[in-house]
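Remarks on the structure that follows.
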Amino acid sequence: MQKLDKNSIFQGNLILVNQNYPLRCTIAAKNLCPAFKYQSEILMQRESAVMLNKLLRELNKGVSEEINNFIVGVSGYRTKSEQEEIFDDSLKENGREFTEKYVAFPDQSEHQTGLAIDLAENREEIDFIRPKFPYQGICQKFRIKMADFGFIERYKKEKQKITKIGAEPWHFRYVGVPHAEIMQRYGMALEEYIVWLKQFSFPDHSFTWWKGDREFKIGYVKAEETLTKIDLSQYGEQGQEDKKDDLAEGEELPDIQISGNNVDGFIITYAQ
Ligand SMILES: [Zn+2]
């Protein structure tokens, strides 16, 4: 039996962080690690960093030059005070309209979750707030492959009304496998996906998704007032949080993952 306290709603790969649902839980330092071999200052949550590296290695197949010569990290995990500083600096430099369009308020930034990464095409001059990550060449190849590794382009132009953030072709968010693929297939922003998932109550009405020959089931559980108990015994129960922390590079993801949605409940993902 998995027992989840109120705080667990605010943690996990699928947390929705935006104006309406600010970050409620700070990621522990031990769950962060460098996202790039040559840019040790850019940190991400451990699992998302592992998956980003798998994705970059996949893109490097058949290319003689290092992928890091073409794609570089611009910004990963930020503390709240770093986010405040970026916001204030941009206010001074770019004014309020620009800043509110492209820079999230402190505690409303996905960068504070460790699950987001800003990427740039490697050029002489890289704009920190709006780096270039074009819809062509190696950057587009990244987009074509990313869902396979659990990443989505978080702020698309056509979803601006829903996300309340201007188009950010450089900002990628880890949501995990197979969620990124499902969101892409149905054209949903994370805001929409979190609502959509609520119809699939766990376990009886879970959503089924095939990735190759692997069958995934995804279900939603509404959080109880204090403690939410989820019976996972028939799926080979395991403490997914502990496992995630220990996830080494190259290791397979656990069969059952539980993520809070940062709104009102949990999403259970299990592979059969
Ligand atoms: Zn970003």
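Taken as Cα centroids, the stretch 9-23 and the stretch 195-216 sit 21 Å apart, rounded to the nearest whole angstrom. Over the chain, dividing the summed -39,500 (n - 2.57) contributions of all DSSP H runs of at least 4 residues by the number of residues returns a 222 nm mean residue ellipticity of -7500 deg cm²/dmol. Listed peptides 61-67, 15-21 appear in the order 15-21, 61-67 once ranked by packing, highest mean of other Cβ atoms within 10 Å at the front.
Between the residues T79, Y135, T228, the greatest Cα displacement towards the positive end of the dipole of the chain, with unit charges on the Cβ of Lys, Arg, Asp and Glu, is found for Y135. Counting every other Cβ atom within 10 Å of each residue's Cβ, F200, F98, F133 order from fewest to most as F98, F200, F133. Classification of the stretch 145-215 by its C-alpha gyration tensor yields an oblate form. The axis ratio a/c (a ≥ b ≥ c) is 1.5 or more, and b/c is at least a/b. Calculated over the stretch 2-271, the projected area of the Cα convex hull averaged across directions stands at 14.5 nm². The label-point distance for K156 and R24, in a model that sets each label 7 Å from Cα toward Cβ, rounds to 2.9 nm. Pairs spanning more than 26 Å between alpha-carbon atoms, out of K164/K217; K37/K145; K164/K198: K164/K217. A Cβ-based charge dipole, computed about the Cα centre of the stretch 2-271 with Lys and Arg at +1 and Asp and Glu at -1, lands at about 600 debye.
Between the listed residues A29, Q2, V175, the Cα displaced farthest toward the positive end of the dipole of the chain, a dipole computed from Cβ unit charges relative to the Cα centre, is found at V175.
Legend: distances between Cα atoms for K30/K211; K80/K132; K54/K161; K30/K80; pairs beyond 29 Å are K30/K211; K54/K161. Over the C-alpha atoms of the stretch 1-100, the Rg to Rh ratio, Rh being the Kirkwood estimate, stands at 1.05. Straight-line reach from K159: taking Cα to Cα under 16 Å and skipping same-chain neighbours fewer than 8 places apart, the lysines in range are K101.
Laboratory data are not the source of any read-out in this text; all were calculated from the coordinates shown. Bear in mind that the values here come from a model prediction, so they are computed numbers and not experimental data. Ideal geometry is used to build each Cβ from the backbone, glycine not excepted, and the neighbour counts take in all protein chains shown.
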